[in-house]
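Colleague: Below you'll find the structure I mean.
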Amino acid sequence: MAYRVEPAATSGTRRDFLDLPFTLYRDDPLWVPPLRSEVDRTLDAQANPYFADGRLELFVCYRDDVPVARACAVINRNHWRKFNDRAAFFGFFESQDDAEAAGRLFDTLAAFCRANGATRLEGPFNPTHYSELGLQVSGFGRAPAFFETYNPEYYMRLVQGSSFQELRRVHTRVNTAIGERARRIVGDQPPASSHGEFRVRPVRLLDLRQELELIREVNNDAFHENWHFLPLSEAEYSFAAKYLFFVTYPRLVGIAERDGDPVGVVQFCLDINPLLRAMGGSAGPADYARFLWGRRSIRDVVLYTVGVKKAYRKSEVYRLLLDYGCWAIRDCRTMTTTWTTDDNPASLAASRRLGLEPSKYFAIYEKAL
């Protein structure tokens, strides 16, 4: 068999990159097809401001002229400057159960990253730390929630067989009866500050641009010291949030204020994966119409983030945001979180209050270049 790895630099190879998962998972009823147009938009280095000070390269491995594996390589010099760490990142890894193909693919990624000055290769990130990340290493046989990665169990063997070592393990959490728990915590009334110092309100759609800027301001402050966190520019956040209100409602995004200034944010989104599965990767006008119609019946949500500005971490803001969240999702059925870790005190406190149990685990891998 003849193997070769090519950059996805032509329309044909880029199409092979985008289409490969649809071949790999064709007979898997649990897989959720991503919108081809959205993956293409995300991996457009000219359009996505995340890549403004870095490099993005897509690669496809062919076996006898048939695409069998793919991945992207990302170099972000802002990461190098903030963390003094010349790490490169890989993401969007998919492969047949073919160790030779995966090995050649990762060798090509490593050579590209080394030639561009990187000393480590780390991932998967799809394509950033605030996107889907990690290789699924537990919970196989269950459908993914929105923002959970999904892959066959043999991916661990392919990655480890290419000289990667596990660097970090993260997990998601879940409560399959969150509505009952939420009502016990707050009843039917929105929470109020103990002394009237703070208030939490839903986001205002009529002033969306300013509201997004407030959310960005809070998150950049709240998560500045977190692992791998890079502050988002206005352009980056605007790009990432383009379809935010396709996947949430105003009441599911709460902004905590003190004297009119933002001090915290809680963000939920709908678990739209059943709707995405039905769309099959297409995104035409009729698909969007069916999506918006079907969205009305979704009762499962994902807790995307709870962020409090550093100056207010010892205040009641975090509790108020959680209680506001309980009020907002009191009629929901299941709540899943995005990735978290066992050494995050705020996350553990939220888990105890909301009755969240570990669901699935995901591994980040690294290797020296």
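Colleague: For the stretch 212-220, just list the computed ³J(HN,Hα) in residue order, Karplus coefficients 6.51, -1.76 and 1.60, θ = phi - 60°, integers in Hz, with x standing in for Gly and Pro.
Modeller: 4, 5, 5, 5, 4, 4, 5, 5, 5
Colleague: Still on this structure, please answer the following. Rounded if a/c is under 1.5, else prolate if a/b beats b/c, else oblate: with a ≥ b ≥ c from the C-alpha gyration tensor eigenvalues square-rooted, which is the stretch 133-214?
Modeller: It is prolate, given that a/c is not under 1.5 and a/b is the larger ratio.
Colleague: Continuing with this model, one more query. For the stretch 337-345, take each phi angle, set θ = phi - 60°, evaluate the Karplus expression 6.51 cos²θ - 1.76 cosθ + 1.60, and give the result in whole Hz per residue in order, putting x for glycine and proline.
Modeller: With the stated coefficients, the stretch 337-345 comes to 9, 6, 5, 8, 10, 6, 9, 9, x Hz.
Colleague: Could you give the spread of the C-alpha atoms of the stretch 28-72 along their three principal axes, from largest to smallest, in whole angstroms?
Modeller: Cα spread of the stretch 28-72 along its principal axes, largest to smallest: 35, 27, 13 Å.
Colleague: Follow-up question, since we're still on this one. Of 7, 245, 89, which is farthest on the positive side of the dipole of the chain, counting Cα position, with +1 on Lys and Arg Cβ, -1 on Asp and Glu Cβ, and the Cα centre as origin?
Modeller: Sorting the options by dipole projection puts first 245.
Colleague: Counting other Cβ atoms within 10 Å of each Cβ, which trypsin sites (Lys or Arg not before Pro) in the stretch 210-259 have at most 16 and sit in a DSSP loop?
Modeller: Within the stretch 210-259, the qualifying trypsin sites (Lys or Arg not before Pro) (loop, at most 16 other Cβ atoms within 10 Å) are 242.
Colleague: If you average over every viewing direction, what projected area does the convex hull of the Cα atoms of the stretch 3-45 give, in nm²?
Modeller: 3.8 nm²
Colleague: Can I ask one more? Quick one: Karplus J couplings for the stretch 88-93, per residue in order, coefficients 6.51, -1.76, 1.60, θ = phi - 60°, nearest Hz, x for Gly and Pro?
Modeller: Those phi angles translate into 10, 10, 10, x, 6, 6 Hz.
Colleague: What percentages make up the Cα-Cα pair-distance distribution of the stretch 1-144 when the bins are 10 Å wide from 0?
Modeller: 11, 41, 36, 11, 0
Colleague: Next question, about the same structure. Which value, in debye to the nearest 20, describes the size of the charge dipole of the stretch 1-102 about its Cα centre when Lys and Arg Cβ atoms bear +1, Asp and Glu Cβ atoms bear -1, and nothing else is charged?
Modeller: The dipole of the stretch 1-102 has a size of about 600 debye.
Colleague: For the chain, what is the charge dipole size about the Cα centre, in debye to the nearest 20, if Lys and Arg each add +1 at the Cβ and Asp and Glu each add -1 at the Cβ?
Modeller: Using only the charged Cβ atoms, the result is roughly 760 debye.
Colleague: Evaluate the charge dipole of the stretch 116-166 about its Cα centre and quote only its size in Debye, nearest 20, assuming +1 on the Cβ of each Lys and Arg and -1 on the Cβ of each Asp and Glu.
Modeller: About 80 debye.
Colleague: Which one, 160, 32, 350, projects farthest toward the positive side of the charge dipole computed for the chain from Cβ point charges (K/R +1, D/E -1)?
Modeller: Going by the charge dipole, the pick is 350.
Colleague: Rounded to a whole number, what % of the accessible area of the chain do carbon and sulfur atoms account for, probe 1.4 Å?
Modeller: 50 percent
Colleague: Scale the Cα Rg of the chain by the rule-of-thumb value 2.2 N^0.38 Å and send over the ratio, two decimals.
Modeller: Here the Cα radius of gyration is 1.00 times the empirical estimate.
Colleague: Kirkwood Rh over alpha-carbon pairs of the stretch 262-369, then Stokes-Einstein at 10 °C and 1.306 mPa s: what D in µm² s⁻¹, rounded to an integer?
Modeller: Answer from the Stokes-Einstein relation: 98 µm²/s.
Colleague: Kirkwood hydrodynamic radius, computed over distinct alpha-carbon pairs, for the stretch 106-243: how many Å, to one decimal?
Modeller: Value: 19.3 Å, from the Cα pair sum.
Colleague: For the stretch 220-310, compute the orientation-averaged projected area of the C-alpha convex hull (one quarter of its surface), in nm².
Modeller: That works out to 7.5 nm².
Colleague: Along the positive direction of the dipole of the chain (beta-carbon charges: Lys, Arg +1; Asp, Glu -1; about the Cα centre), which of 133, 227, 335 reaches farthest?
Modeller: 335
Colleague: Also, I was wondering about something else. For the chain, give me the percentage of DSSP beta bridges that are antiparallel, rounded to the nearest 5 percent.
Modeller: Counting DSSP beta bridges with both partners in the chain, the antiparallel share is about 90 percent.
The values are calculated or read from the model by the stated rules, or taken from the named source; none is laboratory data. Everything numeric in this text was worked out from a predicted model, so none of it was measured. Ideal geometry is used to build each Cβ from the backbone, glycine not excepted, and the neighbour counts take in all protein chains shown. The protein model used for the area step is the full one, side chains on, heavy atoms only, and it has no ligands, DNA or RNA in it. Shrake-Rupley method; radii C 1.70, N 1.55, O 1.52, S 1.80 Å.
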